[in-house]
Amino acid sequence: MLSTDPGPIGIFDSGYGGLTILHGIKQLLPQYDYLYLGDNARAPYGPRSFDVVYEFTRQAVMRLFKEGCQLVILGCNTASAKALRTIQQNDLPKTDPKRRVLGIIRPTAEVIGKLTKSRHVGVLATEGTIKSESYTLEIQKLYPDIKVSGVACPFWVPLVEYNEADSPGADYFVKKRIDQLMALDPAIDTIILGCTHYPILMPKIMKYVPRGVRIVPQGDYVAGSLATYFKNHPDMEARCSRGGAVRYLTTENPDKFRESAQMFLHEHVEVESISLG
């Protein structure tokens, strides 16, 4: 039987990128408790099938529910693209209709209409997110006049995870994908970083995007969207505990997680190792 007591806000990612989402939310809403779960042992999710991503994500969400989370945010674009809808429609009604699972694609799509002047938007993301066309569908639902072009960046996540984001070799892969995107549509004036790892590559990205093109990392926008969500859903806000504490869980080696978390959060964290599935 799942607890109905207030609990931490759960944030899930297949790897470390969701830490950029956690960081953005913590900056804006430091009063709540948070529980971060990284399925690092099975990352990356980007190349995996819809069925596998759904099953892995479902396992993670259920674990966060067992840990007392009433609200879980999928701080992973691939999970948001491939698993969110099924979990919301099929799993929540059976598990606990009062609990909520939110993604990070919709909040980003919502702000895009205010940011682009040319109405031409680019998306740089993993192969899974690009193939799902989730950004195109969400943006055009809200803003049918916006043209969306996307390019998959298969080497960007490994560059970050292996601490090569500052290396000279990273320049080649970053420039190649930005050039490819701008060649698809030179009128693009706003680029969404549709993977939570990519803000770590921001110095390289800014070096190669054309002047005047705005880059949209997700952390700040997801945080603002969550604050608005709480205003509109005070019942859910009341189910999130307030103590300013953060716990971290990983399916991988805790030492590896601590080392990588330092890169994303610039602070030392304590982490517990768990298994899923």
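The values are calculated or read from the model by the stated rules, or taken from the named source; none is laboratory data. Please read these numbers as outputs of a predicted model, since none were measured by experiment. With ideal geometry, Cβ positions are generated from the backbone for all residues, glycine too; neighbour counts draw on all protein chains shown. In case anyone asks, the SASA skips ligands and DNA or RNA and just uses the protein heavy atoms, side chains included. Shrake-Rupley method; radii C 1.70, N 1.55, O 1.52, S 1.80 Å.
Taking Thr86 as the residue in question, decide whether it is surrounded by 19 or more Cβ atoms within 10 Å (Cβ to Cβ) and not hydrophobic (A, V, I, L, M, F, W, C). When the stated conditions are applied, Thr86 does not pass them. Residues of the stretch 122-164 that are buried (at least 18 other Cβ atoms within 10 Å of the Cβ), within 30 Å of Asn253 (Cβ to Cβ) and either of a type in the set (Phe, Trp, Tyr) or over 19 Å from the mean Cα position of the chain (by Cα) (or both): Trp156 alone.
Take Glu267 and tell me if it is open to solvent by 30 Å² or more (accessible area, probe 1.4 Å), assigned to a loop (DSSP other than H, G, I, E, B), of a type outside the set (Gly, Ala, Ser) and touching an Asp or Glu at 6+ places or on another chain (Cβ under 9 Å). So Glu267 fails the test. Could you please let me know if Thr78 is of a type in the set (Val, Ile, Thr), at pLDDT below 95 and open to solvent by 20 Å² or more (accessible area, probe 1.4 Å)? Here the answer is no, as Thr78 does not meet what is asked. Would you call Gly244 open to solvent by less than 70 Å² (accessible area, probe 1.4 Å), more than 17 Å from the chain's Cα centre (by Cα) and on the phi > 0 side of the Ramachandran plot? When the stated conditions are applied, Gly244 passes them. The residue that is most open to solvent (accessible area, probe 1.4 Å), counting only those in the stretch 172-198 that are part of a loop (DSSP other than H, G, I, E, B), hydrophobic (A, V, I, L, M, F, W, C) and over 19 Å from Ile73 (Cα atoms), is Ala187. If you go through the stretch 138-171 and pick out every residue that is acidic (Asp, Glu) and part of a loop (DSSP other than H, G, I, E, B), you end up with 3. Only residues that are assigned to a helix (DSSP H, G or I) and at pLDDT 95 or above were counted across the stretch 199-221, and they come to 8. Out of all the residues in the stretch 224-239, is one or more in a helix (DSSP H, G or I), within 18 Å of Asn77 (Cβ to Cβ) and among the aliphatic types (A, V, I, L, M)? Within the stretch 224-239, one or more residues are in a helix (DSSP H, G or I), within 18 Å of Asn77 (Cβ to Cβ) and among the aliphatic types (A, V, I, L, M).
For the stretch 17-41, the set of residues classified as within 21 Å of Glu55 (Cβ to Cβ), open to solvent by less than 10 Å² (accessible area, probe 1.4 Å) and in contact with a Ser or Thr (Cβ under 6 Å, 6 or more places away or on another chain) consists of Gly17, Gly18, Gly38, Asp39, listed by residue number. Number of residues in the stretch 131-150 that are in contact (Cβ under 8 Å) with a residue 24 or more places away in the chain and either basic (Lys, Arg) or in contact with a strand residue (DSSP E or B) (Cβ under 6 Å, 6 or more places away or on another chain) (or both) equals 8.
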